[in-house]
Amino acid sequence: MPPLRPWPKTINGVLLRDPQDADIEVIASFRNLPEVNRWMIVTHQTLDELRRSWLAVASSQTDFSCVAEVDGELAGVGFLEVEDGAGQPGKPRGTDACIGYIVRPGYEGRGVGSAVARGLVEAAFVHLELRRVTAGCFADNFASVRILEKTGLRREQHGRGDSWHAELGWVDGYTYGALRDEWLAARAGSLAAGTES
């Protein structure tokens, strides 16, 4: 039996919820647009691939992806995949998560990306009680850099020329991460100071 889903959850007016069949066509309408794919590693997915992956989420033991709604309209998607941490044999399994997100064109600058990223991190640390969360982005994707840092993840790696970009060639990439204990402590401090929105 799959773990209980962390959704629905509303953050700053953005509803994060489980994907439904009706969402697939909407996701497909923006997933392969050039402005969306400019900063994606996987730059194209067919409708069948999207349908297969999104409909598998509901029964997955490791995929806690979600869709984001603003005023009843699908405004983006979030990805949360539970993974094994790195290490030698005998290590605990399913302790970490990798997150990512896509904001639908027209919803940029409205806090959707920040709400999705925050929701994913909260789901990983509070609901799923995972040990560590990571996320990656191209170094030139300044919007994602701001979102990940605002969410409380720290830049842990700057890969020099480690990522191929179809338009820009070999470019730098960043990896962000946080441990559950430190993230919860920082969150508690923000709540006590009244600075968390």
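Condition first: free of Cβ contacts under 8 Å to residues at least 60 places away in the same chain, part of a helix (DSSP H, G or I), within 20 Å of Gly173 (Cα to Cα) and touching a helix residue (DSSP H, G or I) at 6+ places or on another chain (Cβ under 9 Å). Can you find one or more residues in region 112-119 that meet it?
Taking region 112-119 as the starting set, the residues that turn out to be free of Cβ contacts under 8 Å to residues at least 60 places away in the same chain are 113, 117.
Among the residues that remain, those that are also part of a helix (DSSP H, G or I) are: 113, 117.
Subsequent filtering for residues that are within 20 Å of Gly173 (Cα to Cα) retains 113, 117.
Pick out the ones that are also touching a helix residue (DSSP H, G or I) at 6+ places or on another chain (Cβ under 9 Å) and you get 113, 117.
Yes: region 112-119 contains one or more residues that are free of Cβ contacts under 8 Å to residues at least 60 places away in the same chain, part of a helix (DSSP H, G or I), within 20 Å of Gly173 (Cα to Cα) and touching a helix residue (DSSP H, G or I) at 6+ places or on another chain (Cβ under 9 Å).
Kindly evaluate Val57 against the criterion of being over 19 Å from Leu120 (Cα atoms) and of a type in the set (Val, Ile, Thr). Explain how you work it out, then say what you get.
Working: over 19 Å from Leu120 (Cα atoms): no; of a type in the set (Val, Ile, Thr): yes.
The answer is no for Val57.
If we scan region 52-75, do we find a residue that is over 27 Å from Asp181 (Cα atoms), of a type outside the set (A, V, I, L, M, F, W, C), open to solvent by 60 Å² or more (accessible area, probe 1.4 Å) and part of a helix (DSSP H, G or I)?
yes
Please work out if Thr134 is within 15 Å of the chain's Cα centre (by Cα) and more than 30 Å from Asp71 (Cα to Cα).
Values: within 15 Å of the chain's Cα centre (by Cα): yes; more than 30 Å from Asp71 (Cα to Cα): no.
No.
Can you list residue pairs whose Cβ atoms sit under 9 Å apart, with the first residue in region 141-170 being over 24 Å from Phe125 (Cβ atoms) and among the acidic types (Asp, Glu) and the second being open to solvent by 20 Å² or more (accessible area, probe 1.4 Å) and at pLDDT 95 or above? Count only pairs 6 or more apart in sequence or on different chains.
Asp162/Trp170; Asp162/Asp172
Can you tell me which residue among Pro92, Pro105 is free of Cβ contacts under 8 Å to residues at least 40 places away in the same chain and either part of a loop (DSSP other than H, G, I, E, B) or within 16 Å of Arg180 (Cβ to Cβ) (or both)?
That would be Pro92, the only listed residue that is free of Cβ contacts under 8 Å to residues at least 40 places away in the same chain and either part of a loop (DSSP other than H, G, I, E, B) or within 16 Å of Arg180 (Cβ to Cβ) (or both).
Test each condition in (1) touching a residue at least 40 places away in the same chain (Cβ under 8 Å); (2) closer than 19 Å to Gly111 by Cα for Thr10 and report the one that comes out false.
Against the list (1) touching a residue at least 40 places away in the same chain (Cβ under 8 Å); (2) closer than 19 Å to Gly111 by Cα, Thr10 comes up short only on (1).
Among the residues of region 101-121, write down those that are within 11 Å of the chain's Cα centre (by Cα) and open to solvent by less than 20 Å² (accessible area, probe 1.4 Å).
Applying the first criterion (within 11 Å of the chain's Cα centre (by Cα)) to region 101-121 yields 101-103, 113-121.
Result: Ile102, Gly113, Ala115, Val116, Ala117, Gly119, Leu120, Val121.
For region 77-87, state whether one or more residues are under 14 Å from the mean Cα position of the chain (by Cα), farther than 15 Å from Gly177 by Cβ and open to solvent by less than 20 Å² (accessible area, probe 1.4 Å).
Within region 77-87 (the criterion being under 14 Å from the mean Cα position of the chain (by Cα), farther than 15 Å from Gly177 by Cβ and open to solvent by less than 20 Å² (accessible area, probe 1.4 Å)), the answer is yes, since at least one residue qualifies.
Among the residues of region 146-158, is there at least one that is over 19 Å from the mean Cα position of the chain (by Cα) and open to solvent by less than 20 Å² (accessible area, probe 1.4 Å)?
no
Within region 1-26, how many residues turn out to be of a type in the set (Val, Ile, Thr) and touching a helix residue (DSSP H, G or I) at 6+ places or on another chain (Cβ under 6 Å)? Quick ask: steps written out before the conclusion?
As a first pass, look at region 1-26 and keep what is of a type in the set (Val, Ile, Thr): 10-11, 14, 24, 26.
Subset that is touching a helix residue (DSSP H, G or I) at 6+ places or on another chain (Cβ under 6 Å): 11, 14, 24.
Total satisfying the criteria: 3.
Select the strands (runs of 3 or more DSSP E) contained entirely in region 122-197, then report the ones holding at least 3 residues which are at pLDDT 95 or above and farther than 26 Å from Arg5 by Cα. Spell out the reasoning first.
On the way: elements: 132-138, 154-165, 169-179.
The qualifying strands (runs of 3 or more DSSP E) are 154-165, 169-179.
Of the residues that sit in region 30-51 and are among the hydrophobic types (A, V, I, L, M, F, W, C) and part of a loop (DSSP other than H, G, I, E, B), which one is least open to solvent (accessible area, probe 1.4 Å)? Can you show your working first?
At the first step, the residues of region 30-51 found to be among the hydrophobic types (A, V, I, L, M, F, W, C) are 30, 33, 36, 39-42, 47, 50.
Those left that are additionally part of a loop (DSSP other than H, G, I, E, B): 33, 39-42.
Values: Leu33: 59, Trp39: 60, Met40: 44, Ile41: 131, Val42: 80 Å².
Ranking the qualifying residues of region 30-51, first place goes to Met40.
Going through region 1-34 one residue at a time, which ones are more than 18 Å from the chain's Cα centre (by Cα) and of a type in the set (Asp, Glu)?
Passing the criteria: Asp21, Glu25.
The values are calculated or read from the model by the stated rules, or taken from the named source; none is laboratory data. Bear in mind the structure is a predicted one, so any value in this text is a computation, not a measurement. We place every Cβ from the backbone using ideal geometry, glycine too, and count neighbours over all the protein chains shown. Remember, those area values only see protein heavy atoms, side chains included, never the ligands or the DNA or RNA. Shrake-Rupley method; radii C 1.70, N 1.55, O 1.52, S 1.80 Å.
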